[in-house]
Amino acid sequence: MLDRFDPALDPTFVAPDRTRLIARLKAFLPNDGLLTTPEAMKVYESDGLAAYRGMPGLVALPRKTAEVRAVLMICADMGVPVVARGAGTGLSGGALPFPGCVLLSLSRFNQILGVDPDAMTARVQPGVRNLAISEAAAPFGLFYAPDPSSQLACSIGGNVAENAGGVHCLKYGLTVHNLQSVELVTLEGEIITLGGPAPDAPGFDLMALITGSEGLLGVITEVTVKLLPQPVHARVLLAAFASVRAGGEAVAAIIAAGIIPAGLEMMDNLALTAAEAHVHAGYPTDAAAILLCELDGATADIDEEMARVISVCEAAGATQTRVACDEAERAQFWAGRKGAFPAMGRLAPDYYCIDGTIPRRRLADVLEEIARLSREHGLPVANVFHAGDGNLHPLILYDARVDGQMEQAETLGGAILELCVAVGGSITGEHGVGREKINQMCAQFGTPEIEIFAAIKAAFDPAGLLNPGKAIPTLARCAEFGAMHVHKGAVPFAHLDRL
Amino acid sequence: MPTSTACRDADVAESLADAVRRASETHTPLRIVGGDSKRFFGRPSTDDVLSVASHRGVIAYEPTELVITARAGTPIVDIEALLATRGQMLAFEPPVFGPTSTIGGVVATGLSGPRRPFAGAVRDFVLGVTVLDGQGRSLRLGGTVVKNVAGFDGFRLMAGALGCLGVLLDVSLRVVPKPRAERALSLQLDNSASATLLTGLVRRPLPVSGAFHDGARLNLRLSGADAAVAQAAREIGGEDAPLGPWDDLRHMRLPLLSAPRLWRLAVPRTAGDLTLEGRWLHDWAGAQRWLVTDELADQVRAVAVAVGGHATLFRGAGPDEAVFTSLPPPLLALHQRLKATFDPAGIINPGRMYKEL
């Protein structure tokens with residue numbers, strides 16, 4: 001499994017003198033700021049991708065930017081890899097410890113430094129939870145738009161590192177669209193501010209480059225986010241379809257009609273029946289697929305747009321359309337969607353969540369192909385995803401207690417991601433590459449791109465100490481991974497049209 | 001470049017790559033040119049011209065995907081006309097300084113129009129690019145899907161990089177549906193009363209898509225669904241006004257914006273009036289301020305920096321004059337290393353942004 005780092009395919013470092021490293025770090029970190037025993041470090045073994053585990057060398061828990069800076073400078077000096085970690089909710093193994101690394105937890109950077117309702121910004125430390133920002137902004141009628149499913153627990157620093165999305169990013173954008181400025185500490189110990197209180201900053205857009213850089217370029221110690229006015233009103237439609245294809249066509253038709261819903265989510269039968277059993281959301285369990293389409297804005301406009309969405313869905317063959325009659329029913333419709341992941345527990349002991357994106361118009365083709373791959377690999381797949389922006393979340397159901405099933409799920413997941421690339425999409429829409437998709441990077445990008453990514457990393461981190469073995473594969477890994485695929489025969493998914 | 005192909009679609013990526021490779025081998029600096037309509041922007045250059053104008057044509061446009069991919073030399077007016085046939089547009093409303101202006105130039109300069117504070121900037125809508133690095137290697141960064149977090153966002157980095165990191169070959173942009181209703185209002189308010197009103201307005205979920213103060217009046221534009229626009233217009237009051245001046249603002253045809261020496265100050269919207277003598281036009285609800293002044297450049301920059309912003313000598317910089325506000329040394333060092341990453345020989349638009357790049 002990929003949680004084992006391979007000296008032939010991943011970066012390697014000479015093990016430091018641990019006693020000396022501890023002594024140097026202790027000089028800057030207060031008593032409880034450094035964990036050194038296996039028992040204390042156990043909780044840092046894995047992130048949200050719990051199947052991948054590894055032990056760090058040490059865990060550093062700084063409280064101040066100056067302490068982060070000291071840790072980085074000491075590690076740079078001694079050649080020790082550093083893995084930064086937020087709340088540890090990431091789903092791609094981005095915070096998986098590299099063997100012998102200093103795991104740098106930002107969990108103690110948990111203060112909201114200020115909400116400025118006139119500037120419509122919130123200045124926060126990276127360990128602040130995503131939802132806490134919207135809660136702090138709510139008294140001013142404002143909110144922070146990106147809303148990953150883990151928003152109760154995930155931290156804003158991790159959101160920036162992953163360029164997190166969510167249900168509402170179809171209309172309101174990803175993390176990168178909702179940032180005002182970021183404070184970053186480099187491995188050399190420079191504290192730099194990217195972006196600023198003005199609408200733009202001089203020079204290259206380094207804030208955009210840092211967003212989604214998965215802890216490979218620097219450590220984020222402060223974030224200022226943009227806040228938006230809360231919408232006056234929101235309504236949600238549930239539309240049921242007799243085939244996944246009809247549902248997929250309705251998604252494309254809604255966008256083609258010039259409507260940008262606040263959320264446009266799709267669930268297939270396996271997912272919606274499990275969700276229904278789990279939270280009793282009122283979903284029609286005989287449907288092959290359902291769409292949830294949320295519109296927000298002025299009341300009169302919602303009514304008019306909702307009428308158009310309904311007629312588009314009916315034209316696409318909807319067997320049922322139901323607008324939530326009140327706020328309680330709207331919450332109920334969404335509870336099913338939000339409860340879909342935990343509901344998988346009813347179907348199998350474990351599930352593996354995939355995160356590919358595809359052009360919307362290929363939705364039906366790709367879902368049919370996933371069903372075929374599911375049969376071929378012998379593992380069921382439930383689909384629940386952000387249909388509006390083509391961001392699939394196939395959930396592969398397996399049982400980790402059965403020998404080999406985890407590896408089987410990993411192989412099926414890889415095949416699904418390569419399918420996404422083959423139709424012109426991407427191996428990750430919002431979860432990041434992390435450790436999980438390191439091989440599939442070689443499917444999405446060629447050698448020149450991988451080289452330039454490595455060179456960008458080197459511009460910030462010449463020794464390659466920040467989060468090694470993640471996000472950007474070595475060329476050796478791509479050579480190995482590519483060879484494996486050539487061996488299997490022709491181009492993958494030759495029977496599908498390419499872009 | 002052969003001029004005979006300049007008016008029709010053509011893929012000349014290979015010959016552009018050859019030209020860059022040759023320049024790299026001979027260490028010949030190049031000035032990348034699309035329509036050359038924004039020659040005035042950035043530090044002046046007399047380097048050999050690499051024209052991208054003949055690399056032109058829309059590669060893919062699928063309205064239901066809200067994405068268009070076009071070669072860098074495609075005229076921006078052609079792209080906007082094509083989008084309009086399907087009721088779509090570029091949300092960031094780039095200024096267009098002439099019919100030759102290209103999509104590559106729009107992305108490279110990163111200039112956005114009046115809708116920017118409400119809809120986003122160029123960098124927010126770039127989904128992917130193909131770019132030639134300084135050795136003539138073709139790099140495909142990003143893609144054509146809205147959500148894509150694989151690899152570093154090198155494509156977003158190209159927006160506003162003034163071509164200093166490579167030669168754009170094609171760009172994929174997210175497009176948006178045109179609003180169903182659009183309406184302009186004008187209010188008789190001085191600048192500070194206008195700023196106070198705006199602070200309250202933008203905090204509410206109103207369909208404001210533009211807000212500029214021309215020195216005498218506050219001008220507002222509303223865009224969106226019919227009912228929301230009508231309701232907002234009733235609430236805000238003022239007089240109905242023509243939409244024409246919004247085009248003039250966008251394309252910088254208003255008299256003040258045509259001044260031979262023009263400053264652009266990007267500052268926090270809430271910064272208040274700045275102590276610089278001259279003629280002002282406040283756009284972006286006060287976050288982008290145009291200034292025609294006799295004040296010294298250092299003074300203009302110092303005032304902008306003091307409130308957390310920066311000043312650009314947008315037009316009319318002398319041969320040795322800085323155009324952009326200088327970067328703190330650690331940030332400049334990162335810029336230089338990134339420049340060297342993409343363009344080790346330093347031949348692609350050297351010095352166009354900063355003397356040191």
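The values are calculated or read from the model by the stated rules, or taken from the named source; none is laboratory data. As the structure is a computational prediction, the values presented were derived from the model and not from experiment. Cβ placement follows ideal geometry from the backbone for every residue including glycine, while neighbour counts extend to all protein chains displayed. Note: accessible area is taken over every heavy atom of the protein model, side chains too, but ligands, DNA and RNA are not part of it. Shrake-Rupley method; radii C 1.70, N 1.55, O 1.52, S 1.80 Å.
A single entry from A:Gly100, A:Gly86, A:Gly79, A:Gly57 fulfils the requirement of being under 23 Å from the mean Cα position of the chain (by Cα) and modelled with pLDDT of 95 or more: A:Gly86. Just checking, does the stretch A:472-486 include any residue being modelled with pLDDT of 95 or more, within 30 Å of B:His335 (Cβ to Cβ) and within 9 Å of chain B (Cβ to nearest Cβ)? Within the stretch A:472-486, one or more residues are modelled with pLDDT of 95 or more, within 30 Å of B:His335 (Cβ to Cβ) and within 9 Å of chain B (Cβ to nearest Cβ). In the stretch B:94-174, counting only helices (runs of 4 or more DSSP H) that sit wholly within it, the ones holding 3 or more residues that are under 30 Å from A:Ile354 (Cβ atoms) span B:122-125, B:154-158. Restricted to the stretch A:189-233, and to residues there that are of a type in the set (Ser, Thr, Tyr) and more than 8 Å from chain B (Cβ to nearest Cβ), the residue that is surrounded by the most Cβ atoms within 10 Å (Cβ to Cβ) is A:Thr221. Determine, yes or no, whether A:Leu9 is surrounded by fewer than 21 Cβ atoms within 10 Å (Cβ to Cβ) and either of a type outside the set (S, T, N, Q) or under 21 Å from A:Leu217 (Cβ atoms) (or both). Considered against the rule, which asks whether it is surrounded by fewer than 21 Cβ atoms within 10 Å (Cβ to Cβ) and either of a type outside the set (S, T, N, Q) or under 21 Å from A:Leu217 (Cβ atoms) (or both), A:Leu9 comes out as yes. Could you list all residues from the stretch B:66-93 that are in a loop (DSSP other than H, G, I, E, B), open to solvent by 10 Å² or more (accessible area, probe 1.4 Å) and either within 24 Å of A:Val251 (Cβ to Cβ) or in the same structural domain as B:Gly224 (by TED's automatic domain parsing) (or both)? Answer for the stretch B:66-93, where residues must be in a loop (DSSP other than H, G, I, E, B), open to solvent by 10 Å² or more (accessible area, probe 1.4 Å) and either within 24 Å of A:Val251 (Cβ to Cβ) or in the same structural domain as B:Gly224 (by TED's automatic domain parsing) (or both): B:Arg86, B:Gly87. The residues of the stretch A:357-393 that are under 24 Å from A:Lys338 (Cβ atoms) and touching a Gly at 6+ places or on another chain (Cβ under 6 Å), listed by number, are A:Thr357, A:Ile358, A:Arg360, A:Leu363, A:Asn391, A:Leu392. Going residue by residue through the stretch A:34-51, is there one that turns out to be surrounded by fewer than 16 Cβ atoms within 10 Å (Cβ to Cβ) and at pLDDT below 95? Among the residues of the stretch A:34-51, at least one is surrounded by fewer than 16 Cβ atoms within 10 Å (Cβ to Cβ) and at pLDDT below 95, which makes the answer yes.
One line per residue, one yes/no per condition, for (1) among the acidic types (Asp, Glu); (2) crowded, with 24+ Cβ neighbours inside 10 Å; (3) more than 7 Å from chain A (Cβ to nearest Cβ):
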{"site": "B:Thr102", "(1), (2), (3)": "no, yes, yes"}
{"site": "B:Pro114", "(1), (2), (3)": "no, yes, yes"}
{"site": "B:Ala119", "(1), (2), (3)": "no, no, yes"}
{"site": "B:Gly151", "(1), (2), (3)": "no, yes, no"}
{"site": "B:Pro179", "(1), (2), (3)": "no, no, yes"}
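From the list B:Gln288, B:Gln336, the lone residue that is within 24 Å of B:Ile32 (Cα to Cα) and within 10 Å of chain A (Cβ to nearest Cβ) is B:Gln336. All conditions in (1) of a type outside the set (Lys, Arg); (2) part of a helix (DSSP H, G or I); (3) within 10 Å of chain A (Cβ to nearest Cβ) hold for B:Ala193, with the sole exception of (3).
With respect to being open to solvent by less than 10 Å² (accessible area, probe 1.4 Å), within 13 Å of chain A (Cβ to nearest Cβ) and in a helix (DSSP H, G or I), B:Ala228 falls outside the description.
Under the condition of being more than 26 Å from B:Thr312 (Cβ to Cβ), open to solvent by 50 Å² or more (accessible area, probe 1.4 Å) and either within 14 Å of another protein chain (Cβ to nearest Cβ) or part of a loop (DSSP other than H, G, I, E, B) (or both), the residues counted in the stretch B:43-59 number 1. Does A:Ala50 meet the test of being part of a helix (DSSP H, G or I) and out of contact with any helix residue (DSSP H, G or I) (no Cβ under 8 Å at 6 or more places or on another chain)? No; evaluated as a whole, the condition is false for this residue. Within the option set A:Val236, A:Val176, being buried (at least 23 other Cβ atoms within 10 Å of the Cβ), at the interface with chain B (Cβ under 9 Å from one of its Cβ atoms) and in contact with a Lys or Arg (Cβ under 9 Å, 6 or more places away or on another chain) holds for one residue only, A:Val176.
Of the candidates B:Leu257, B:Leu243, B:Leu220, the single residue that is surrounded by fewer than 16 Cβ atoms within 10 Å (Cβ to Cβ), more than 12 Å from chain A (Cβ to nearest Cβ), aliphatic (A, V, I, L, M) and under 30 Å from B:Leu83 (Cα atoms) is B:Leu243. Can you name the residue in the stretch A:383-433 that is among the small types (Gly, Ala, Ser) and in contact with a Pro (Cβ under 9 Å, 6 or more places away or on another chain) and, of all such residues, is most open to solvent (accessible area, probe 1.4 Å)? Checking each candidate, the answer is A:Ala400.
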